[in-house]
Every structure is written in structure tokens, then in C-alpha cells.
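All remarks here apply to the structure that follows.
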Amino acid sequence: MSENGQTPPAPWPKVTAVMRLDPQHCYAALKARDSRFDGGFFVGVSTTGIYCRPICTARTPKRDHCRFFANAAAAESAGFRPCLRCRPEIAPGVARGVAPVDAVRGAAHWLASRIEEGAMNDGGSERLASEYGLSSRQLRRALIAEYGVTPIELAQTRRLLLAKQLLTETSLPLARVAFASGFSSVRRFNACFRSRYRLNPGALRKRQAPRADASVVLQLAYRPPLAWDALREFLVTRGAAGVEAADGARYVRTVALHGKRGWISATPLEHKPALQVEVAVDLLAVLTPLLARLRRMFDLDANPAIIEERLRDDARMRRLLRRRPGLRVPGAFDGFELALRAVLGQQVSVKAASTLFSRFAETFGAAAATPYPQLRRHAPTAEAVAQAPVQRLRDLGLTRQRAASASALARAVADGKLVLEPGGAVAPTLERLLELPGIGPWTAQYIAMRALRDADALPPGDLGLLKALRLDHPRKVIEHAQKWQPWRAYAALHLWTEMSAGG
């Protein structure tokens, strides 16, 4: 039963294409206010001209007054404006961890991911088309087919919703809100906001006067449950000392992104499914890509109900799900940082790998100024490691072969020959990884799992998985894991976490 006493719909709303949601199932989800569907679709109410999340606490509209949209941009392009009560701007997104099987959908997902990171804030889609290897017209057609909106409409909605969130949750001056949201001018921001939302931006401003704070605090929503303690522990124990740390229940880390440096902290709110994220004001210029990276790092767009429904077919997984509901696959803030950590972790303990990683941060990472004494360095960059002689890497405690692997990885990333970002095709990236010296299937799959956000990635030769499953060959792990597809990465995380806890 749902919290309002109604029985929630059993299946996820049927989708024949992303933009063709089944209205019957969507309306049933809306009536139930089921959090499983939050962010999966939005409902536009014709009598009010407003669109809402399916968990909105407002009175449920009549079915004939509802139109259903797969994303906020589609609702806004149809003339609806966001609800001030349920706030669509903070709804969790839809995870794209399972790679589409056709090229058109793959291109659309890649483009949507790049737009969410603010890639169109500094220009049009021509540069993105060149980056992907298609024409801008082909990418535009792919996005419309998959999401029902153009790249410009999707980018505009992303900017406006972020601006709405900043106006609601912070005391930033309007000019800083405009630029932090990705607008090139205050005038353009005011015109777009009034045109789209029929509101003056100042109407959403809190009563307190704007302040010159050293940080801003925002909310990042997720679909409950969230196994936060396990997620924080995994990140901290596999990170570099001085770069990321736990501060009580809070996760903190330094951030270097697109030439800007600062820090973030994150902790769950007690009475709502959202993380409270504090961001140094020095990072406001890169706020859009920063928030996208944080959502991926904390796996906030995952839908535990769908994932766990599949994993429950396995008796052992059922027990692990009861122990740690909402366990997420930790992502990576930076692809190279994660890949370097994976190379350093080959055939050594978690603690030993973190020690090596900390030495890299101390040697190649810039000094950091933060309010947290645990944070003193930024993560090493590919450029800094690539420029170092291999002997210098060996002096940090690496074997000759491991130092050569780390150096080759850094050069490939620094030269742009290897891009370790989610959203693109996973298979070609894995092929490039495997071409590098010292990188085998385990390392490549681990990078795919965390940096590329492949929800079905699985390192079958992992000694921990072999031991946990009591199997003696990677082939048997692959056969056993067929029942977990397409969520094998989550099953692996459950097994790893249980073993770390001594289970």
C-alpha cells in the first residue's frame, strides 16, 4: 500500500518510446503518489497550466485534465510551467546506466547527458556534433525521437530549472543566479524566466536580503531508500587522504573542475529523500556540470525498486537487499581519478591502494584551501601525471609495470585519445582501455562500472566475487550473474559490501 492508502501500480509505466508513456499506468502512479515514479515522468494539468512530479501533494486532478511527459523540457515546450509546491527542478533524473542497443538512442542519451552538464551554455550543438562524430541535424533528430524536444529546448529548461532552484534555496543576488545557471546575461535570464514561467525571478526570492556567503546549500533529490552510510564509506575508503573524507555523517571532498577549485559537502536530510549539498561559491561558474557529476557520483538517479525487483530472483540477493536496501553503485567525480585508482588497486588491498593514491595526490595534486582540516589536496590530473618520468612514479612505491600502466593511462587521457565519461558507447572505450599496457578485463570493467556508469558491468575474475559466490572460474561467475542482468554492477556491490562487513 502507498502512504495515502491506495495500492500502487505494479509495473513501471509502459513505454513504447520514451515520449509515449502509457497514460493509464501514469495516472495510477499519480494517484498513488508512488516515489518509484518520481522523475520518471511529469504531469501537466490543463486547467492550471502547471506541471508536477507524480509525488505532488496537491489534489489529484481529473484524468481528462492530465497530460503526461517523459521529461520537464517536454512539459515546458508544451506551455506548462513548474509547480511551486513539488518543485520539478529537484526531481531525480532517469539513470542511463544501461546502454541503448541502437545507435540513435545512444546518440540521444549522450547528447542529453552532455546538455545536463551544461555543454550548450557556451555555444550551440555544432561543437557537440563534431565531438560525437555526427552532424548537428542528425543529433537533433535523435534527441527529438527519444525525448520529444530539441537540444535548445532541453538546454533552456535545464538552465531555467537550476535558476528556479537557486532562487528558492539560496540568497544569491539575481545576477549570480543568472550566470551560475548558464545564462550569458542577466537581461536574457530575466526575459526567458518571465516568458517561460510568467513570473518575475524576484517573486521566488526568499524574504531575506542576498548575502555574500562563502558557500551555497542546495538539495539533490533521490528515490528512496538510499544506503548512505555504505555509499559514503565506499567512497572514502577508496579515495585519497586529503582529497575526500568523512566528517561524521557528512561526505566532503575537494573539487577542481574546468579551471575552478573549491570543495563540496553532502549529507542526507532527515525528513525528505534528498541530500543537502554545500558548494563553495568559487565553484558557481561550473555549478551545472558540478551538480551533474555529484548526481552520478552518488548514483542519485537510480531507481531501487526496479533494480531490486530484478535482483530478488536470486535467493542470496534477497537476503542482501533486506540488509542494505537502496545500496548504490558509487560513481566517479572524475574519470581519470577513478581509473588511476583502479590501476593502483591491482592485486593489492584496498588500504594499500588508497595509500598509493594518497601519495599521488600529495605529489601531483594542487594544495587546497577548505574549511575542513581533513581536506588539503586536489586530486592528481592526467596532465600532471603524464608529464612525470616513469621513475618518479616508481619512487612513490609502484612496480615498473604498474608505473608504466599509470603513465600510459595518463597520457591517453591527457591527449584526448581516451575519454572516461558516461553517456557514450561503453564498448569502444573498453577496447581502448584494454589496449593500454597493464590494463586487463578486471580494471576495464571496474572503470566501466564506476566512471562510465555501466549498470551491467561486471569483473568476473574479481577474487572477492569468486570467493563470495564460492566459484572457481570467471566463466562460472558470468553464468551465475545472468539472472542479475542488466543490473550486475549492483549485485557485485552488494557482495563486496557484505564481504567488507565480514558477512
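The values are calculated or read from the model by the stated rules, or taken from the named source; none is laboratory data. Here the structure is a predicted model, which is why all the values come from computation and not from measurement. Cβ atoms come from the backbone with ideal geometry, glycine included; neighbour counts cover every protein chain shown.
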Sort out for me the helices (runs of 4 or more DSSP H) sitting completely within segment 243-335 that have 2 or more residues that are among the β-branched types (Val, Ile, Thr), in the same structural domain as residue 493 (by TED's automatic domain parsing) and within 23 Å of residue 422 (Cα to Cα).
304-311
Selection within segment 385-406 - aliphatic (A, V, I, L, M), touching a residue at least 24 places away in the same chain (Cβ under 8 Å) and not in a loop (DSSP other than H, G, I, E, B)
385, 386, 404, 406
State which residue pairs qualify: first residue more than 18 Å from residue 337 (Cβ to Cβ) and free of Cβ contacts under 8 Å to residues at least 24 places away in the same chain and inside segment 246-261, second residue of a type in the set (S, T, N, Q) and surrounded by 15 or more Cβ atoms within 10 Å (Cβ to Cβ) in any location, beta carbons under 7 Å apart, and separation of 6 or more residues or different chains.
249/267; 250/265; 250/267
Any residue that is closer than 30 Å to residue 21 by Cα and of a type in the set (Lys, Arg) - is there at least one of those in segment 169-188?
no
Residues 353, 332, 368: which one is touching a strand residue (DSSP E or B) at 6+ places or on another chain (Cβ under 8 Å) and surrounded by 19 or more Cβ atoms within 10 Å (Cβ to Cβ)?
368
Within the set of pairs 6 or more residues apart or between chains, which connect a residue that is more than 17 Å from residue 155 (Cβ to Cβ) inside segment 131-142 to a residue that is at pLDDT 80 or above and part of a helix (DSSP H, G or I) with Cβ atoms less than 6 Å apart?
135/129
Starting from residues that are surrounded by fewer than 23 Cβ atoms within 10 Å (Cβ to Cβ) and among the hydrophobic types (A, V, I, L, M, F, W, C), keep the ones in segment 34-69 and report whichever is nearest to the chain's Cα centre (by Cα).
55
Just to be sure, is residue 179 aromatic (Phe, Trp, Tyr) and either out of contact with any helix residue (DSSP H, G or I) (no Cβ under 6 Å at 6 or more places or on another chain) or closer than 30 Å to residue 304 by Cβ (or both)?
yes
Checking residue 230 against (1) under 23 Å from the mean Cα position of the chain (by Cα); (2) in contact (Cβ under 8 Å) with a residue 40 or more places away in the chain; (3) surrounded by fewer than 18 Cβ atoms within 10 Å (Cβ to Cβ): exactly one of these is not met. Which one?
(3)
Residue, modelled with the lowest pLDDT, within segment 100-144, restricted to residues that are within 20 Å of the chain's Cα centre (by Cα) and among the basic types (Lys, Arg)
105
Looking only at segment 225-242, count how many residues are of a type outside the set (A, V, I, L, M, F, W, C), closer than 29 Å to residue 163 by Cα and assigned to a helix (DSSP H, G or I).
1
Can you name the condition, by its number, that residue 30 falls short on among (1) surrounded by fewer than 19 Cβ atoms within 10 Å (Cβ to Cβ); (2) aliphatic (A, V, I, L, M); (3) in contact (Cβ under 8 Å) with a residue 12 or more places away in the chain?
(1)
